[in-house]
Amino acid sequence: MPTDTRHRGRKASARERLLAAADDLFYAEGVQTVGIDRVIEHAGVAKGSLYNTFGSKENLVRAYLESRHAATSAGLWRAVERHSDPRQRLLAVFDAQAELFAEPTFRGCAFVTASAEAPDGGAIAQAADDYRREVRGIFIELARDAGASDPAVLGRQLQLLYDGSGLSARMDRDPNAAAAAKAAAEVLLEAALR
């Protein structure tokens, strides 16, 4: 999901251009593979702009992940809000995932890739942890709304399906992985409602 750098007729700020460049390059090639000089060149800004705005590459990567987090969460909620039935709302998360997998630019989960390359305990790991915590929270909330007997357990199970679906879509090059995950989620949901 490339970052849109058009802002109602005004020129994008250095921060916006750096984040758009980071999104393009980091997602396509990985956060460790892409050097700061490539991000700066792609953004068309001076080197000082990066350091004045973000302070370090790690902070730029964190901001890139936070932007991805916000966009992904918004997409999940848009899919959920298309439904009024609590069960369908919960399963809609996998519909949102299917939409992502169908995009020609889909390269897997940005959080998995970035955190695999980052040291434990840093800003990048924290951004990935925050994202995962929110996704689990979405599942738990929707499981509670659907009437699951133990929403926390079901939420954790659904997050495992969600994660596995993303890995399968990327590694197996299988955009239908979300449909398989959704079918498994339906079984888990039915069991949780008994």
Considering only region 43-50, I want to know if a residue exists there that is modelled with pLDDT under 95, basic (Lys, Arg) and not assigned by TED's automatic domain parsing to the domain that holds LEU90.
yes
Answer yes or no: is there a residue in region 29-52 that is under 20 Å from ALA114 (Cα atoms), of a type in the set (Gly, Ala, Ser), part of a helix (DSSP H, G or I) and free of Cβ contacts under 8 Å to residues at least 24 places away in the same chain.
no
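What residue, of ALA128, ALA79, is closer than 20 Å to TYR162 by Cβ, in the same structural domain as SER165 (by TED's automatic domain parsing) and either acidic (Asp, Glu) or in contact with a Phe, Trp or Tyr (Cβ under 6 Å, 6 or more places away or on another chain) (or both)?
Working: ALA79 fails: either acidic (Asp, Glu) or in contact with a Phe, Trp or Tyr (Cβ under 6 Å, 6 or more places away or on another chain) (or both).
Result: ALA128 is the single residue among ALA128, ALA79 that is closer than 20 Å to TYR162 by Cβ, in the same structural domain as SER165 (by TED's automatic domain parsing) and either acidic (Asp, Glu) or in contact with a Phe, Trp or Tyr (Cβ under 6 Å, 6 or more places away or on another chain) (or both).
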If a residue must be touching a helix residue (DSSP H, G or I) at 6+ places or on another chain (Cβ under 8 Å), assigned to a helix (DSSP H, G or I) and free of Cβ contacts under 8 Å to residues at least 40 places away in the same chain, how many such residues does region 82-101 contain?
3
Selected residue [in contact with a Phe, Trp or Tyr (Cβ under 6 Å, 6 or more places away or on another chain) and either outside the structural domain of ALA146 (by TED's automatic domain parsing) or under 29 Å from LEU161 (Cβ atoms) (or both)] from PHE111, PHE94, PHE101, PHE106
PHE111
Yes or no: ALA123 surrounded by 15 or more Cβ atoms within 10 Å (Cβ to Cβ) and either more than 24 Å from ARG17 (Cα to Cα) or outside the structural domain of THR33 (by TED's automatic domain parsing) (or both)?
yes
Quick one: which of PHE139, PHE111 is farther than 30 Å from ARG194 by Cα, in contact with a helix residue (DSSP H, G or I) (Cβ under 6 Å, 6 or more places away or on another chain) and buried (at least 17 other Cβ atoms within 10 Å of the Cβ)?
PHE111
ALA70 fails exactly one of (1) in the same structural domain as GLN159 (by TED's automatic domain parsing); (2) surrounded by 13 or more Cβ atoms within 10 Å (Cβ to Cβ), namely (2)
In region 102-116, the residues that are assigned to a helix (DSSP H, G or I) and either of a type outside the set (Phe, Trp, Tyr) or free of Cβ contacts under 8 Å to residues at least 12 places away in the same chain (or both)
ALA102, ALA110, VAL112, THR113, ALA114, SER115, ALA116
What's the number of the only condition in (1) in contact (Cβ under 8 Å) with a residue 40 or more places away in the chain; (2) in a loop (DSSP other than H, G, I, E, B) that PHE139 fails to meet?
(2)
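Among residues belonging to region 53-63 that are free of Cβ contacts under 8 Å to residues at least 60 places away in the same chain and assigned to a helix (DSSP H, G or I), point out the one that is surrounded by the most Cβ atoms within 10 Å (Cβ to Cβ).
LEU60
The values are calculated or read from the model by the stated rules, or taken from the named source; none is laboratory data. It should be emphasised that the depicted structure is a prediction, and the values quoted were computed from it without experimental measurement. Note that we place each Cβ from the backbone using ideal geometry, even for glycine, and neighbour counts take in every protein chain shown.
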